[in-house]
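Below is one structure, written out as structure tokens, with a few remarks after it.
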Amino acid sequence: MVQFYQYTVGEVGKLIAFKRLAGLLGIKLTEAIAFGDDLNDLDLIRACGIGVAMGNAAPVVKEAADIVAGTNDQDGVAAVLEAIWELDADGDLTGTAD
């Protein structure tokens, strides 16, 4: 049985880092998409305009997300981005998302 452990300092996390990056780039969190699969992604998924849980995500992450994508092996991130951005097979934008 494989076990994973994640260690962070209490005041550090993905949401804090993303808020800082978004501020530098002039992006609102409500205009962003977050993808995640584990508990350390929850705050970011909840805070962004579109929160996406991967198909292999923890159940609590799936419950918090707006969309549940396919797994990593199923190219879940690509499928969601293609649907949102209406990309064709070559990666060219074919329309605009609402």
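Please treat every number below as a calculation from the coordinates, not as lab data. From a predicted model like this one, the values you see are computed outputs, not experimental measurements. A quick note on method: Cβ atoms are made from the backbone with ideal geometry, for glycine too, and the neighbour counts reach across all protein chains shown.
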**Asked** Out of curiosity, is residue 57 surrounded by 14 or more Cβ atoms within 10 Å (Cβ to Cβ) and under 17 Å from residue 77 (Cα atoms)?
**Response** yes
**Prompt:** Tell me, which helices (runs of 4 or more DSSP H) wholly within region 1-74 include 1 or more residues that are basic (Lys, Arg), out of contact with any strand residue (DSSP E or B) (no Cβ under 7 Å at 6 or more places or on another chain) and farther than 19 Å from residue 85 by Cα?
**Reply:** 14-25, 42-47
